Amino acid sequence: MVSVIVTTYNIEKYIDHCLQSVLDQTLTDIEVIVVDDGSTDSTPELIRNYAQKDERIIPVLLPENTPGGVAVAANVGLRKATKEYVGFVDGDDWCEPFMFERLVDAAKSNNAEVVIGKFKNFDEETASFYEASDERYWLSGLPLNTVVSGDDERKKILKLNPVPWRKLYLRSFLQENDIFFPEGDYFYEDNPFHWYCVTAAKSFALIDDYLCYHRMNRVGQTMSAGDERLLAMYQHHDTIFKWLNESGKYSEFKEELILWIVNNSCWIYDSIKDELKQKVLEDLSVALLLHDKSVMTKIIMSENMGLKGRGLVRDAMSLAGQEKLARRIKDRKGVFSRAVVFLKEEGFLSTFKHGVKYCYHRSPFFVQRAITKSRNFVSSENASNNQLMKKLQDIESKVILQGYMLALSDNFENEVKKELAEIRLALAEIKKNSAPDRDS
């Protein structure tokens, strides 16, 4: 039924917990392909011991560590897989016993090529659990426990964390589309794999279950040094850009790709060592200039791009000698300025409806419900200014509450906080310029 690919490297402290959680699955029709990437500790010996106890474990012990991340090891597992579905587990993580049964049930009942569940992070230093960085996207209206195939939903799925180990893949789908992890001397190779699958798959299913737990801040982990390994994201942009063009999907996903590389550049710029920050700008300019300049500029100047991202692109374009582009990006009006102009041209009611729409697409489901109710109210022809202002205040309070709640998340981007601040300023300006008549 499922080929479970477990990748390991120098994790003798955690491999027992991981493999036991896989062997304890309620779905028993599994093969467990454990690919060790040249460990120098006792990990290979522990894997051999498990293989002797349970014939479902297939050990593949590579003689030496391969360059980059887990791509080579993961691809070795993919090529050895024989079951109908494929799943992944990191060797230092662990799974709920129902993980693969739930994933298979969702795949079968929805005829889905890719199934995605939820996960939590576990901080090794503090021994505490916390939500994944993409939790807000689960709250933003993605349909759960049903088949998903539309373009809008597909683009939302692209925003999810690219990790493969909370997903299930139909193996024939991967084979037919020749989908593997890109191999090279770099990390974050799960990003292109995620893009390949999301843009190629015809159907998805998302399930609202916490399936596994990802260990963070453990000794020996490779993703927190702030060094040049972060720059691998620009190689992955080029790989994805090439994939989209060759598969004829570039026109459909060009906006998502441009936003993706700029948003990733924001956290790379903040995380990387100071001496490498100029290299971030250089690589970002090279990546963006692969795209048509007019298309790229339009996307950067759109409402979907945050203030921080726009500023980073402007600096990158200036560094690349693209001063004309940099000036265009600098002159773009923000949410506040556009709200004031719209108010003067269209009046209060139209501005209110436009503001509600803007908030709606940036809000989790509970705020969307409140906004939907206000839309129904505003459609009433008898709504007075006082009533409209009351509803406007309700919306504003909901958006402010959203900002406070999301700000509690350790992983919530500063960029989104700034957009929430812009929304509050815009709403305040609308109210200021549209005070209700005392007689109404």
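A few notes on this one:
- Qualifying residue in the range 66-79 (condition: out of contact with any helix residue (DSSP H, G or I) (no Cβ under 9 Å at 6 or more places or on another chain), assigned to a helix (DSSP H, G or I), open to solvent by 60 Å² or more (accessible area, probe 1.4 Å) and at pLDDT 95 or above): yes
- Qualifying residue in the range 123-139 (condition: aromatic (Phe, Trp, Tyr), assigned to a helix (DSSP H, G or I) and open to solvent by 50 Å² or more (accessible area, probe 1.4 Å)): yes
- Residue within the range 72-94 that is touching a residue at least 12 places away in the same chain (Cβ under 8 Å) and over 20 Å from residue 169 (Cα atoms) present: yes
- Qualifying residue in the range 192-204 (condition: open to solvent by 30 Å² or more (accessible area, probe 1.4 Å) and of a type in the set (Gly, Ala, Ser)): no
- Given (1) in contact (Cβ under 8 Å) with a residue 40 or more places away in the chain; (2) open to solvent by 10 Å² or more (accessible area, probe 1.4 Å); (3) in contact with a helix residue (DSSP H, G or I) (Cβ under 8 Å, 6 or more places away or on another chain); (4) more than 19 Å from residue 20 (Cβ to Cβ), number of the condition residue 97 does not satisfy: (4)
- Selection within the range 42-65 - open to solvent by 30 Å² or more (accessible area, probe 1.4 Å), part of a helix (DSSP H, G or I) and of a type outside the set (A, V, I, L, M, F, W, C): 45, 48, 49, 52, 53
- Residue match in the range 126-144 (condition: touching a Phe, Trp or Tyr at 6+ places or on another chain (Cβ under 6 Å) and of a type in the set (Val, Ile, Thr)): no
- In the set 238, 209, 283, only one residue is closer than 20 Å to residue 132 by Cα and more than 16 Å from the chain's Cα centre (by Cα); that residue is 209.
- Unique match (being over 27 Å from residue 178 (Cβ atoms), modelled with pLDDT of 95 or more and of a type outside the set (Lys, Arg)) among 57, 30: 57
Matching residues to (1) over 28 Å from residue 305 (Cα atoms); (2) modelled with pLDDT of 90 or more; (3) in contact with an Asp or Glu (Cβ under 8 Å, 6 or more places away or on another chain); (4) open to solvent by less than 40 Å² (accessible area, probe 1.4 Å):
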position	(1), (2), (3), (4)
114	yes, yes, no, yes
142	no, no, yes, yes
154	no, yes, no, yes
173	yes, yes, yes, yes
176	yes, yes, no, no
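- Residues of the range 100-110 satisfying the condition of being open to solvent by 40 Å² or more (accessible area, probe 1.4 Å) and touching a strand residue (DSSP E or B) at 6+ places or on another chain (Cβ under 7 Å): 102
- Count - residues of the range 11-24 that are open to solvent by 10 Å² or more (accessible area, probe 1.4 Å) and in contact with a Cys (Cβ under 7 Å, 6 or more places away or on another chain): 1
- Elements of type helices (runs of 4 or more DSSP H) in the range 272-320, at least 2 residues being surrounded by fewer than 16 Cβ atoms within 10 Å (Cβ to Cβ) and without any contact (Cβ under 8 Å) to a residue 24 or more places away in the chain: 293-300
- Matching entry among 84, 125 (being more than 22 Å from the chain's Cα centre (by Cα), acidic (Asp, Glu) and modelled with pLDDT of 95 or more): 84
- Selection over the range 241-297 of residues that are acidic (Asp, Glu) and closer than 22 Å to residue 198 by Cα gives a count of 4.
- Failed item, numbered, when residue 39 is tested on (1) open to solvent by 30 Å² or more (accessible area, probe 1.4 Å); (2) modelled with pLDDT of 95 or more; (3) not aliphatic (A, V, I, L, M): (1)
The values are calculated or read from the model by the stated rules, or taken from the named source; none is laboratory data. Quick caveat, the model's predicted, so the values are computed rather than measured. Reconstructed Cβ throughout: ideal geometry from the backbone, glycine too, with neighbour counts over all protein chains shown. Note: areas computed on protein heavy atoms with side chains; ligands, DNA, RNA excluded. Shrake-Rupley method; radii C 1.70, N 1.55, O 1.52, S 1.80 Å.
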